[in-house]
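Only one structure is covered here, and it is reproduced in the block below.
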Amino acid sequence: MKINRKYSYIFRMTLFAVQIILFASCYRQEILLDRLPANTPAGSEVYITGNFNNWDPGDQRFRMERGNNGVYSITLPRGAGKLEYKFTRGDWTTVEKNECGYDTPNRSLRYGEYETVLNTVYCWGDTEPMNCIQKTLVINELPENTPDTPVIYLASTFNGWNPGDFKYIMQKNSRGQYYITLDKQAECMEYKFTLGNWESVETEPSGNDIANRRLCFDEPDTAYVAIKAWRSTRIKTLRKVTLVISSLPEETMSGDPIYAAGSFNNWDPGNKWHAFKTDDSGRRYLTLASEDETITFKITRGNWRSVETTLSGKDIADRSFIMGHADTLFLKVDRWKDR
């Protein structure tokens, strides 16, 4: 088949022009990292990972170079559109965290918006926070019909809007004010106060709902608030039980974290608020508080792959306990699913 040379030439030139335009519309992006946490292990290599390398946390192509001035740098391949990224020291256990050790959103920018972007890492996933930013909320006014010894809860974006979360109970100071001190988990938090359930949430004096309150951590370190009215003054009754693990499988390592996952935490297998502590004798224990008459749960090492099983490796039924029947419950874990 013969091809008209004139049109073939036009096609080649058009294709060449398109390639030139596409190449010119792509940008090279320089990323700088000027400060690391003081407790970063000596000699650590630092990597950048993101939507440009399928989020591989230890991709050698994206290991940052440390200059004589201590600044880490890397120039990313040409690209266009939105760039998302994070810093690691080679794997996801060492990914960057915020000042208090909590997960941070992906960093983002648009290629070409700035030739160079400067960043700071405040904490790593495997190191202790050194400069945690905290904020104290103080209630300086309560409604007249507040119970004499109220248990006031903070429900917020920090705890999944749980209206009766015993980890977010307000404390009482010497002046009779209720307060709570919060670690920075995000730049800002939305919240409301309750007496333990949504029936008793704070309202306007008229009884109408109020908008979510908002607290940001770049503001002064203490915030004072006034509660005008409660929807109801029904007080939540909390019951507590201490779980004690008297026996663990031989395969359990001394440093293994142990968790309780159940009806009290939406069956989260690695909820840090429900991690067992270790007493002086080496036994693991955890104190639970719940308004529910009965709780159900299982023991894990942080995920469902490592949940407890029978000696033969089969799944066990959910453990069940009627709150108030005893203040201590002794448990035996026979085997882990993954060991």
Checking the structure you have, find out if any residue of region 304-322 is touching a His at 6+ places or on another chain (Cβ under 9 Å), over 18 Å from Ser247 (Cα atoms) and free of Cβ contacts under 8 Å to residues at least 40 places away in the same chain.
no
Pairs returned, first residue in region 152-177 that is among the basic types (Lys, Arg), second residue that is buried (at least 20 other Cβ atoms within 10 Å of the Cβ), beta-carbon separation under 6 angstrom, 6 or more apart or interchain, are Lys172/Tyr178
For Lys184, are the conditions met, namely being farther than 30 Å from Asp338 by Cα and not β-branched (Val, Ile, Thr)?
yes
Cβ-Cβ distance below 7 Å, separation of 6 or more or different chains: which pairs start in region 229-249 with a residue that is under 30 Å from Lys298 (Cβ atoms) and end on one that is aromatic (Phe, Trp, Tyr) and in a loop (DSSP other than H, G, I, E, B)?
Ile245/Phe276
Go through (1) touching a Gly at 6+ places or on another chain (Cβ under 8 Å); (2) open to solvent by less than 60 Å² (accessible area, probe 1.4 Å); (3) not in a loop (DSSP other than H, G, I, E, B) one by one and return the number of the condition Gly90 breaks.
(3)
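Table: residues versus (1) under 24 Å from Thr157 (Cβ atoms); (2) open to solvent by less than 20 Å² (accessible area, probe 1.4 Å); (3) not polar (S, T, N, Q).
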{"residue": "Gln60", "(1), (2), (3)": "no, no, no"}
{"residue": "Asn69", "(1), (2), (3)": "no, no, no"}
{"residue": "Leu83", "(1), (2), (3)": "no, yes, yes"}
{"residue": "Asn98", "(1), (2), (3)": "yes, yes, no"}
{"residue": "Pro105", "(1), (2), (3)": "yes, no, yes"}
Mind counting the residues in region 119-135 that are modelled with pLDDT of 95 or more and loosely packed, with under 14 Cβ neighbours inside 10 Å?
2
Within region 138-154, restricting attention to residues that are surrounded by fewer than 19 Cβ atoms within 10 Å (Cβ to Cβ) and not in a loop (DSSP other than H, G, I, E, B), which residue is nearest to the chain's Cα centre (by Cα)?
Val138
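Among the residues of region 155-190, which ones are within 20 Å of Trp230 (Cα to Cα), assigned to a loop (DSSP other than H, G, I, E, B) and open to solvent by 30 Å² or more (accessible area, probe 1.4 Å)? Give the steps one after another, and end with the answer.
To start, the set of residues in region 155-190 that are within 20 Å of Trp230 (Cα to Cα) comprises 155-156, 161-166, 168-172, 176-180, 190.
Of the ones still in play, those that are also assigned to a loop (DSSP other than H, G, I, E, B) are 161-165, 170, 176-177.
Scanning region 155-190 gives Trp161, Asn162, Gly176, Gln177.
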Among the residues of region 117-137, are any of a type in the set (S, T, N, Q), part of a strand (DSSP E or B) and touching a Leu at 6+ places or on another chain (Cβ under 6 Å)?
yes
What are the pairs, 6+ residues apart or on separate chains, where a residue within region 116-139 that is over 19 Å from Lys86 (Cβ atoms) and basic (Lys, Arg) has its Cβ under 8 Å from a residue that is in a strand (DSSP E or B) and open to solvent by less than 10 Å² (accessible area, probe 1.4 Å)?
Lys135/Leu182; Lys135/Leu215
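If you take the residues of region 222-238 that are open to solvent by 70 Å² or more (accessible area, probe 1.4 Å) and in contact with a strand residue (DSSP E or B) (Cβ under 6 Å, 6 or more places away or on another chain), which of them is farthest from Thr328 (Cα to Cα)? Show your work before the answer.
Here is the first cut: in region 222-238, the residues open to solvent by 70 Å² or more (accessible area, probe 1.4 Å) are 224, 228, 231, 234-235, 237.
Those left that are additionally in contact with a strand residue (DSSP E or B) (Cβ under 6 Å, 6 or more places away or on another chain): 224, 231.
Working: Tyr224: 38, Arg231: 35 Å.
Per the stated criteria, the residue is Tyr224.
If I filter region 288-316 down to residues being farther than 18 Å from Leu248 by Cα and out of contact with any helix residue (DSSP H, G or I) (no Cβ under 6 Å at 6 or more places or on another chain), which single residue comes out as modelled with the lowest pLDDT? Talk me through it step by step, then tell me what you get.
So in region 288-316, the residues farther than 18 Å from Leu248 by Cα come out as 288-296.
Narrowing further to those that are out of contact with any helix residue (DSSP H, G or I) (no Cβ under 6 Å at 6 or more places or on another chain): 288, 290-296.
Working: Leu288: 91, Ser290: 83, Glu291: 77, Asp292: 83, Glu293: 86, Thr294: 92, Ile295: 94, Thr296: 96.
My answer is Glu291.
Could you please let me know if Ala226 is touching a Leu at 6+ places or on another chain (Cβ under 9 Å) and of a type outside the set (Asp, Glu)?
Working: touching a Leu at 6+ places or on another chain (Cβ under 9 Å): yes; of a type outside the set (Asp, Glu): yes.
For Ala226, the condition - touching a Leu at 6+ places or on another chain (Cβ under 9 Å) and of a type outside the set (Asp, Glu) - is met.
For Arg89, state whether it is closer than 30 Å to Phe158 by Cα, at pLDDT 85 or above and basic (Lys, Arg).
Details: closer than 30 Å to Phe158 by Cα: yes; at pLDDT 85 or above: yes; basic (Lys, Arg): yes.
So Arg89 passes the test.
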Test set (1) open to solvent by 20 Å² or more (accessible area, probe 1.4 Å); (2) closer than 29 Å to Ala326 by Cβ; (3) touching an Asp or Glu at 6+ places or on another chain (Cβ under 7 Å) - Thr252 fails condition number
(3)
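The values are calculated or read from the model by the stated rules, or taken from the named source; none is laboratory data. These numbers come from a predicted model, not from an experiment. Every residue, glycine among them, receives a Cβ derived from its backbone with ideal geometry; neighbour counts consider all protein chains shown. In case anyone asks, the SASA skips ligands and DNA or RNA and just uses the protein heavy atoms, side chains included. Shrake-Rupley method; radii C 1.70, N 1.55, O 1.52, S 1.80 Å.
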